[in-house]
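A short worksheet on the structure shown next.
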Amino acid sequence: MTAPPPPAHWHCYRWTGDRRTYDDESARRPPHLVVQDIPPQEWKQIAAASPAFMASDVPPLEVPHWLLRPARMIKATFEAPDKASAWYRDQISDLSPSFLADHDKDTTRQAEQLAAADDRLSWGGDVVSGWYLRGTGFASVQVVACSSNRIRPTIPCPLH
């Protein structure tokens, strides 16, 4: 079995908000459960059928579903995995002082998390992380392979 081709690029997403908003799954899922790959046009129709899903900036339940959302939600795009990894590293550095749990602030744990992210990006995978923040906050940082995504290769790129 041959490995799929590497993605053309990665889109980066960051969301910070209230935990209750994150826990409300209604705006985090498209209107239809899709268990197999479908043609790109069908993905567009499914996304268009749910204005709440399309308007929400809360991370979707399935990581590749970010690619169904409008391009304006993309925080950054990188063609090289090391550049995407650097963006991810910067997000952790920025958010770390607000992490609720001490173990999330631990620099050794963060180094392991960053090494795992480097590895996943090197073979074309996605990187997904979330942290509880002080107060009632939650932060999600996601780097999503595009063109094509290994999990949902038929979802079209939001930039095309």
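Results, tabulated for the structure shown:
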read-out	value
Cleavage-rule hits (chymotrypsin sites (Phe, Trp or Tyr not before Pro)) in the range 75-160: DSSP loop, at most 14 neighbouring Cβ within 10 angstrom	Trp123
FRET efficiency, Ile151 to Thr107 (Cβ-Cβ, R0 30 Å, nearest 0.05)	0.45
Length released on extending from Ser96 to Gln41, taking residue separation times 0.36 nm less the Cα-Cα span	15.8 nm
Cα gyration tensor shape for the range 9-146, rounded if a/c is under 1.5, else prolate or oblate	oblate
Between the range 96-130 and the range 1-57, the alpha-carbon center distance in angstrom	22
Segment Asp57-Asp82, length gained on full extension (0.36 nm per residue, minus Cα span)	6.4 nm
Within the range 37-68, backbone nitrogen closer than 15 Å to the virtual label 7 Å beyond the Cα of Glu25 toward Cβ	59-63
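Values in this text are rule-based calculations from the coordinates and carry no lab data. What you see is a predicted model; the values in this text were computed from it and never measured. Every residue, glycine as well, gets a Cβ built from its backbone with ideal geometry; the counts of neighbours run over all protein chains shown.
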